[in-house]
Each structure stands twice: as C-alpha cells, then as structure tokens.
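Notes to accompany the following structure.
The values are calculated or read from the model by the stated rules, or taken from the named source; none is laboratory data. A quick note: this is a predicted structure, and the numbers were derived from the prediction, not measured. Glycine gets a Cβ as well: all are built from the backbone with ideal geometry, and neighbour counts include every protein chain shown. Quick note on the areas: whole protein, heavy atoms, side chains included, nothing else; ligands and nucleic acids left out. Shrake-Rupley method; radii C 1.70, N 1.55, O 1.52, S 1.80 Å.
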Amino acid sequence: MKNILITGCSRGIGFETVKRFTNTLDVNIFAISRNLKGLKKLKKECNQINKKANIHIISADLSEFSLVNNIISDLKAQLNGKLDGIIHNAGYLIKKDFNKLSFKDLNDSFNINCFAPFILTQKLIPIFSKNIHVVSISSMGGVQNSQKFPGLSLYSTSKGTLITLTQCLAEEYKNTGFKFNCLALGAVQTEMLNKAFPDYKAPVSAAEMGEFIVNFYSHGAQYFNGQVIPVSMATP
Ligand SMILES: NC(=O)c1ccc[n+]([C@@H]2O[C@H](COP(=O)([O-])OP(=O)(O)OC[C@H]3O[C@@H](n4cnc5c(N)ncnc54)[C@H](OP(=O)(O)O)[C@@H]3O)[C@@H](O)[C@H]2O)c1
C-alpha cells in the first residue's frame with residue numbers, strides 16, 4: 001500500500017485529488033490543511049466511496065515553520081513504512097497591483113508557495129521510499145515566457161520558484177530513485193480561480209484535474225524526472 005502526503009486538501013483541487021486517489025488505488029493518504037471542517041468532510045466522502053480508504057487528516061498551518069517538526073512527528077507516528085509520494089498542492093493567491101504589495105503579502109505568498117514545499121521536502125527526505133514521486137503543483141503564470149496577468153506578479157513569481165526547485169532536486173538526487181516533477185496548471189474552476197478572475201469560467205473542473213493528478217502521480221515517474229508539464233487548456 002502506498003503512503004502519500006497531499007497538502008491543501010480542504011477544498012478545490014487537493015480535495016478532489018484525494019477523492020480520486022481513494023477511488024482508484026490502495027493508498028494511505030495524509031491530508032494537510034488548516035480547515036478541519038473541510039478535512040473531516042473529505043474523510044467522510046472518501047469513506048463513502050471506499051470503506052477501506054485510509055485518510056489521515058492533519059490540520060496544520062504550513063506557514064508556521066516552527067510547527068513543521070510537529071507535522072513530521074504526527075506523520076511518522078501514523079506512517080507504516082516509508083513515504084511513496086508527495087503532492088505539494090497547497091497554494092496561496094493574492095491579486096493586487098504591484099505597487100500596493102506589502103512585505104506581509106510577500107511573506108504570506110512565499111511561505112506557502114515556496115518555503116513550505118521546500119522545507120517539507122527537506123525534512124521528509126529521511127523517510128522517502130526509494131521510488132518516491134514528488135509532484136509539485138505550480139501554475140502557468142510561473143512558466144518562463146507564458147502569458148502574464150496584471151495583479152498576479154507575486155503569485156506568479158512565487159509559483160515560479162516551485163518549477164526551479166523541481167528541476168534542482170531532480171538533478172541533485174538523480175543518482176537515487178527519487179523522482180521530482182511539476183505540473184503547471186492552467187485555469188481550473190475553484191475558489192482560487194474565482195478570486196483571480198471572478199467572471200471567468202474555466203474549461204476544467206477540480207474533479208477532472210484531480211483525476212489527472214492521480215494518473216500523473218501513478219504513471220509519470222516512469223517517463224519524467226525534473227520536468228515541468230503545462231496542464232492547460234486555457235488561461236483567462
Ligand atoms: N485553480 C486554478 O485555476 C489554478 C491554476 C494554476 C495553479 N493552481 C494551483 O493549484 C493548487 C490548488 O489550487 P486550488 O485552485 O484548489 O486553490 P484553493 O481552492 O484556494 O485551495 C487551496 C488549498 O490550499 C490550502 N492552504 C492554503 N494556505 C494554507 C496554509 N497556510 N496551510 C495549509 N494549507 C493551506 C487551503 O486549505 P486551508 O485554507 O484549509 O488551509 C486549500 O485546501 C494551488 O497550488 C494553486 O496555486 C490552481
């Protein structure tokens with residue numbers, strides 16, 4: 001049975017990804033988010049799909065780095081074996097004109113979109129299984145030479161760091177069996193997209209993207225390492 005850690009599971013793409021995992025594979029899922037209500041709802045829905053689904057919910061704020069060791073201990077206490085996957089999905093979007101962005105905005109964005117996946121990966125390496133697949137969820141906005149949008153300079157810059165991190169880790173660990181890949185998503189219908197583009201209707205639902213992420217986690221490591229894959233029908 002695979003042990004997979006997924007961040008940002010209380011709603012949106014993370015929520016739907018966990019549901020698709022329990023539908024398709026024999027997995028132990030460790031689901032992290034702050035909102036306990038959303039996580040409990042997720043666990044309930046997963047158990048309705050598959051009574052045997054093992055969903056361990058961890059309510060934690062990933063920007064509280066002083067608590068990262070607690071998250072790791074919590075995880076290790078419940079983990080039987082090693083970690084076979086991480087989906088770095090939690091994300092934070094702020095839409096603001098560049099000249100209005102504050103230092104707090106910078107901290108909030110980089111804490112979740114950059115530092116949390118960086119630190120979590122670093123701390124979890126000792127419990128990686130030899131064939132772990134780490135999938136980071138970035139954005140088309142963070143891809144070099146992609147179309148950019150006013151008000152999203154901080155979001156796109158911070159998501160760009162996940163792309164670079166993926167490529168660096170794939171190189172640094174190329175002599176192990178670890179695989180690091182990054183999915184750069186286009187528009188997916190979620191709360192985050194509504195915040196960025198209120199009047200826009202995305203061509204892809206969170207459930208559809210969740211399905212794609214599960215497939216990519218399951219098969220992508222056989223064909224890709226250190227790659228950034230645009231998963232985009234459209235950006236607004
Ligand atoms: N939707 C799109 O069009 C789109 C496009 C490109 C990329 N993406 C990326 O896809 C990923 C999922 O996005 P989404 O659209 O599903 O967003 P969403 O609906 O806003 O969900 C974001 C998730 O991240 C979690 N999160 C945020 N801050 C956190 C913190 N401090 N600690 C722990 N968890 C935290 C939230 O949980 P809590 O609030 O409960 O903590 C929530 O479950 C993100 O990385 C996003 O950047 C989305």
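Return a yes/no flag: does region 162-178 have any residue that is near the ligand (Cβ under 9 Å from one of its atoms), surrounded by 16 or more Cβ atoms within 10 Å (Cβ to Cβ) and within 26 Å of F21 (Cβ to Cβ). Lay out the reasoning, then the answer.
Within region 162-178, the first condition is being near the ligand (Cβ under 9 Å from one of its atoms), and the residues that meet it are 162.
If we keep only those that are surrounded by 16 or more Cβ atoms within 10 Å (Cβ to Cβ) as well, we get 162.
Filter once more, so that each one left must be within 26 Å of F21 (Cβ to Cβ): 162.
The answer is yes; a qualifying residue exists.
Which numbered condition in (1) assigned to a strand (DSSP E or B); (2) within 28 Å of N3 (Cβ to Cβ) is the only one that Q222 fails?
If we test Q222 against (1) assigned to a strand (DSSP E or B); (2) within 28 Å of N3 (Cβ to Cβ), just (1) comes out false.
K159 is checked against (1) closer than 19 Å to N89 by Cα; (2) within 13 Å of the ligand (Cβ to nearest atom); (3) surrounded by fewer than 22 Cβ atoms within 10 Å (Cβ to Cβ); (4) among the basic types (K, R) and fails just one. What number does that condition carry?
All conditions pass for K159, except number (3).
In region 122-145, what residues are within 23 Å of A60 (Cβ to Cβ), within 12 Å of the ligand (Cβ to nearest atom) and in contact (Cβ under 8 Å) with a residue 60 or more places away in the chain?
V135, I137, S138
Give region 122-142 a look and list any residue that's buried (at least 19 other Cβ atoms within 10 Å of the Cβ), touching a helix residue (DSSP H, G or I) at 6+ places or on another chain (Cβ under 8 Å) and of a type in the set (A, V, I, L, M), or say none. Steps first, please.
The first filter runs over region 122-142 and keeps only residues buried (at least 19 other Cβ atoms within 10 Å of the Cβ), leaving 124, 128, 132-142.
This time we only want the ones that are touching a helix residue (DSSP H, G or I) at 6+ places or on another chain (Cβ under 8 Å), so: 124, 133-139, 141-142.
The answer is L124, V134, V135, I137.
Give region 146-186 a look and list any residue that's more than 24 Å from N111 (Cβ to Cβ), assigned to a loop (DSSP other than H, G, I, E, B) and in contact (Cβ under 8 Å) with a residue 12 or more places away in the chain, or say none.
Answer for region 146-186, where residues must be more than 24 Å from N111 (Cβ to Cβ), assigned to a loop (DSSP other than H, G, I, E, B) and in contact (Cβ under 8 Å) with a residue 12 or more places away in the chain: Q147, K174, T176, G177, F178, G186.
How many residues, within region 186-204, are within 17 Å of I94 (Cα to Cα) and open to solvent by less than 50 Å² (accessible area, probe 1.4 Å)?
Final tally of qualifying residues: 7.
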